[in-house]
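Below is one structure; the comments refer to it alone.
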Amino acid sequence: MWGNPVAPVMKLNTNCDMKPRQEKLILDPKYSFVLQKDVYPYYPTPWHCHPEYELVLVVKSTGKRTVGNHEEPFFDGDLVLLGPNLPHCYQNDPAYYENNPSLTAEAIVIHFNEDFLGKEFFNIPEMSPVRKLFHRSQCGLKILGETRQRVADMMHEMLNLNGYKRILHLLGILELLALSEEADVLASPGYVQQHAVADNDRMTKVHDYIMANFRRNIGLTDVAKIANMSVPTFCRFFKSCTQKAFSSFLNEIRIGYACKLLVEENYNISQICYESGFNNMSNFNRQFKRITDKSPLQYKQDTLSDVAYLTSA
């Protein structure tokens, strides 16, 4: 559930609280799961989590999606399946917060509990692939390729359905996702969000500092000072909170920003390298390949091709 829009406190860099807001979604008593299309000036959700599974189709808008400890840009047609209690937020690009009537943030969202058809339904033998899908979704799944388009079409169709036809459509979507290999895992498998309140406050300060400064040189001494820790203690603390070394986390933030520039700006790859906080091309190319499994040029070509396909469909 995206919730109701509130007056934005907008920063140019992502500022999702590291401690997620726990939300309990309200279910219409006439239905066994939530299906809705939302149209907002910008997506209003904070950094949050909830016990329901969530399937989110970005119909229209761009910005940055954060799922657990994974961040990357999103575009029209972005489709993600989120498991229960997985922290996440969608933050639109700055232009969406400037009261521009030509920009709207639209999405189709499905929320459901694992027992929405009864406590044992998904334990029957025929549902084994869906059970495996549920397990994989604990870290979030970005749906790709033809599967993404087919599921998007079905979600649009569901808006005009009621009764058992709506349930059959959802089961069809779950089967399609369960049998498809066109998906990327988002958050790290070992991602853990449960920390003491003091640790959450400390991580919020560190996260804010990283997001405000990732385009320049950031050393371990800088962030350790923000956390009021020694460098060795900070390294252990950061790894326990994110399941990643600080350098890996920083590189993922930088590569996520580079992905956005590759698609949205008319920069050459050398410019994007330095604009993203890297100080040499060889390291930039190596980290880009490690994180995206593609070269920068291949990523740009594939993403623009996907966007062109979705907008022409």
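The values are calculated or read from the model by the stated rules, or taken from the named source; none is laboratory data. Nothing here was measured: the structure is a model prediction, and the numbers come from that model. All Cβ positions, even for glycine, are placed from backbone atoms using ideal geometry, and neighbour counts span all protein chains on display.
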Please verify whether Ser276 is in contact (Cβ under 8 Å) with a residue 12 or more places away in the chain, under 25 Å from the mean Cα position of the chain (by Cα) and closer than 26 Å to Val185 by Cβ, treating the condition exactly as stated.
yes
Of the residues in the stretch 105-122, how many are modelled with pLDDT under 95 and in contact with a Lys or Arg (Cβ under 8 Å, 6 or more places away or on another chain)?
1
Residues within the stretch 88-124 that are within 19 Å of the chain's Cα centre (by Cα) and of a type in the set (Gly, Ala, Ser), tallied
2
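This table checks each residue for (1) of a type in the set (Val, Ile, Thr); (2) touching a Pro at 6+ places or on another chain (Cβ under 9 Å); (3) part of a helix (DSSP H, G or I); (4) buried (at least 20 other Cβ atoms within 10 Å of the Cβ).
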position	(1), (2), (3), (4)
Val206	yes, no, yes, yes
Met211	no, no, yes, no
Pro232	no, no, yes, no
Cys235	no, no, yes, no
Leu262	no, yes, yes, yes
Gln271	no, no, yes, no
Asn279	no, no, no, no
Asn285	no, yes, yes, no
Lys294	no, no, no, no
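For (1) in contact with a strand residue (DSSP E or B) (Cβ under 8 Å, 6 or more places away or on another chain); (2) over 18 Å from Gly83 (Cα atoms), each residue gets a yes or a no:
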residue: His135; (1), (2): no, no
residue: Gly145; (1), (2): no, yes
residue: Ala152; (1), (2): yes, yes
residue: Ile173; (1), (2): yes, no
residue: Leu176; (1), (2): no, no
residue: Leu179; (1), (2): no, no
residue: Glu182; (1), (2): yes, no
residue: Val185; (1), (2): yes, no
Which residues, taken from the stretch 52-101, are acidic (Asp, Glu), assigned to a loop (DSSP other than H, G, I, E, B), under 23 Å from Leu262 (Cβ atoms) and out of contact with any Ser or Thr (no Cβ under 6 Å at 6 or more places or on another chain)?
Asp76, Asp78
